[in-house]
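Enquirer: Structure provided below as structure tokens; questions to follow.
The values are calculated or read from the model by the stated rules, or taken from the named source; none is laboratory data. All figures in this text were calculated on a predicted structure; none of them were measured in a lab. As a convention, Cβ positions derive from the backbone with ideal geometry for all residues, glycine included, and neighbour counts pool all protein chains shown.
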């Protein structure tokens, strides 16, 4: 880890010790990967080129998160609203999980990474589901970094489905409305079993959550960058973690 920090902080003209706090690494980092299309347009390239280069940024972020000791990395890969995009672009985006995992799965297995998916499988093409299922199956016993893809994910739908499960139990007399707790709602979310994100990163210069983990990021630290996702790498992740370590998390109380 020291070498990881040294290479960056040397360029920044700062001392490694300023952020080398092994006991304050965020356990769960979530990233809204925004700006692939705008990055490509700026270079006069088709949007799909931006998405493919965004896939390279996924690998860089995964390796850096693993080396840093982050336990969970959740990546917003495709939202329930992204179906509104042109069919050609959607079809290309649906091919990327298969392409990425074909290239990187063996290395992920070697690095003890566990692949998960958080999202709704309806509407997803068969080849996308099969690629994800293979990766999940082959890495399910790994104990290292959890690489969690939010694919066909929308937080409002997620929360609505959780409410439906609880409402059915109330209707059937299995549960009283007074028995409903935050823990019960949480247990019916797609992220069940994972800690809430400590740090939420968004690239691309936009300052909004875009229907991403609205329940789970209630007390997450937020970090935004104007860099487009294909430009994101180890240095930016370290910069975000450095900022995270400079903040005091009070959860509504006093420090």
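Enquirer: Just to check your reading of the model, which residue among 35, 54 is on the phi > 0 side of the Ramachandran plot, in the same structural domain as residue 233 (by TED's automatic domain parsing) and at pLDDT 95 or above? Steps first, please.
Expert: On the way: 54 fails: on the phi > 0 side of the Ramachandran plot.
After ruling out the rest, the residue left standing is 35.
Enquirer: May I ask you to say which residue of 162, 137 is in a helix (DSSP H, G or I) and in contact with a helix residue (DSSP H, G or I) (Cβ under 6 Å, 6 or more places away or on another chain)?
Expert: Details: 137 fails: in contact with a helix residue (DSSP H, G or I) (Cβ under 6 Å, 6 or more places away or on another chain).
Being in a helix (DSSP H, G or I) and in contact with a helix residue (DSSP H, G or I) (Cβ under 6 Å, 6 or more places away or on another chain) holds for just one of 162, 137, which is 162.
Enquirer: Considering (1) under 24 Å from residue 96 (Cα atoms); (2) assigned to a helix (DSSP H, G or I), say which one residue 117 fails and leave the rest.
Expert: The single condition residue 117 does not satisfy is (2).
Enquirer: Ok, one more. Could you check, for segment 150-165, whether at least one of its residues is at positive phi and in contact with a strand residue (DSSP E or B) (Cβ under 9 Å, 6 or more places away or on another chain)?
Expert: There is at least one residue in segment 150-165 that is at positive phi and in contact with a strand residue (DSSP E or B) (Cβ under 9 Å, 6 or more places away or on another chain).
Conditions tested, residue by residue: (1) touching a helix residue (DSSP H, G or I) at 6+ places or on another chain (Cβ under 7 Å); (2) in a helix (DSSP H, G or I); (3) closer than 19 Å to residue 242 by Cβ.
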position: 26; (1), (2), (3): yes, no, yes
position: 39; (1), (2), (3): yes, yes, no
position: 50; (1), (2), (3): yes, yes, no
position: 53; (1), (2), (3): yes, yes, no
position: 60; (1), (2), (3): yes, yes, yes
position: 63; (1), (2), (3): no, yes, yes
position: 66; (1), (2), (3): no, yes, yes
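Quick grid of which residues meet (1) under 18 Å from the mean Cα position of the chain (by Cα); (2) touching a residue at least 60 places away in the same chain (Cβ under 8 Å):
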{"residue": "152", "(1), (2)": "yes, yes"}
{"residue": "168", "(1), (2)": "no, no"}
{"residue": "187", "(1), (2)": "no, no"}
{"residue": "190", "(1), (2)": "yes, yes"}
{"residue": "196", "(1), (2)": "yes, yes"}
{"residue": "213", "(1), (2)": "yes, yes"}
{"residue": "223", "(1), (2)": "yes, no"}
{"residue": "229", "(1), (2)": "yes, yes"}
{"residue": "253", "(1), (2)": "no, no"}
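Enquirer: Take the conditions modelled with pLDDT of 95 or more, assigned to a helix (DSSP H, G or I) and in the same structural domain as residue 237 (by TED's automatic domain parsing) and apply them to residue 74. Does it pass? Spell out how you get there, then give the answer.
Expert: On the way: modelled with pLDDT of 95 or more: yes; assigned to a helix (DSSP H, G or I): no; in the same structural domain as residue 237 (by TED's automatic domain parsing): yes.
It is false that residue 74 is modelled with pLDDT of 95 or more, assigned to a helix (DSSP H, G or I) and in the same structural domain as residue 237 (by TED's automatic domain parsing).
Enquirer: Identify, please: which residue in segment 122-131 is touching a helix residue (DSSP H, G or I) at 6+ places or on another chain (Cβ under 6 Å) and either surrounded by 15 or more Cβ atoms within 10 Å (Cβ to Cβ) or at pLDDT below 95 (or both) and is, among those, nearest to residue 82 (Cα to Cα)? Spell out how you get there, then give the answer.
Expert: So in segment 122-131, the residues touching a helix residue (DSSP H, G or I) at 6+ places or on another chain (Cβ under 6 Å) come out as 125, 127-128, 131.
Next, from what is left, pick out any that are either surrounded by 15 or more Cβ atoms within 10 Å (Cβ to Cβ) or at pLDDT below 95 (or both): 128, 131.
Values: 128: 15, 131: 20 Å.
Filtering segment 122-131 for residues that are touching a helix residue (DSSP H, G or I) at 6+ places or on another chain (Cβ under 6 Å) and either surrounded by 15 or more Cβ atoms within 10 Å (Cβ to Cβ) or at pLDDT below 95 (or both), the one nearest to residue 82 (Cα to Cα) comes out as 128.
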